[in-house]
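Shown next, in structure tokens, is the structure this report addresses.
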Amino acid sequence: MLELKLEDVVAVEKSEDELIEAEIIAVSDEPQETVREQIVKNRIGQGIFKQRLRALEEKCKLCGIDNPNLLRASHTKPWSVSSNKERLDQYNGFLLCPTHDILLDKGLISFRDDGFILVSPLLEAHNKILMNVHEEMKVNLLERHKVYLEYHRERIFKTQ
């Protein structure tokens, strides 16, 4: 018959705890460093672009949020593929709340030339409700918006 002493049980428990702790540490994907220096490119003129958009309208183009701190200057033709002139052209975008900004940016919404919203089939019905998007939405567009919207519909908007 095997006889265990109290110190043997404690030693076994301790080694199991140590093994578990070692496994947790080994599995952890946490970086050793959490801060690093890097050189980044900054957008010059984004503030000018937002001021120009605010001259056209001072609220979210879709939902009407009017707190300037909650509005983003959203490009219709993305900054990365726009010329310097297009980047600052107030007709190349809208003031949008963060929710509608990300939907436009990700191609999940766009607009027809008559101002009616286009909603991507990739945006699920429950997310449409949660993100305050419905097919009856319409915005007022100026003629100069339409060139950028055509680009957005053809290259950014997701139809499938």
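General observations
- Vicinal HN-Hα couplings computed from phi for the stretch 65-75 (Karplus, 6.51 cos²θ - 1.76 cosθ + 1.60; Hz; Gly/Pro x): 4, 10, 6, x, 6, 9, 10, 10, 8, 9, 7
- Stretching Ile129 away from Ile44 to a fully extended chain increases their span by 27.0 nm, per 0.36 nm per residue minus the current alpha-carbon distance.
- Considering only alpha-carbon pairs that sit under 8 angstrom and 6 or more positions apart, the relative contact order computed for the stretch 85-160 is 39 percent.
- Between amide H atoms placed 1.01 Å from N, distances below 5 Å from Ile109 occur with Leu104, Ser120, all of them 5 or more places distant or on a separate chain.
- Taking amide H positions as modeled 1.01 Å from N, with prolines and chain starts lacking one, the residues under 5 Å from Leu62 and 5 or more places away or on another chain are Cys97.
Every number in this text was worked out from the coordinates using simple rules, so none of it is lab data. As the structure is a computational prediction, the values presented were derived from the model and not from experiment.
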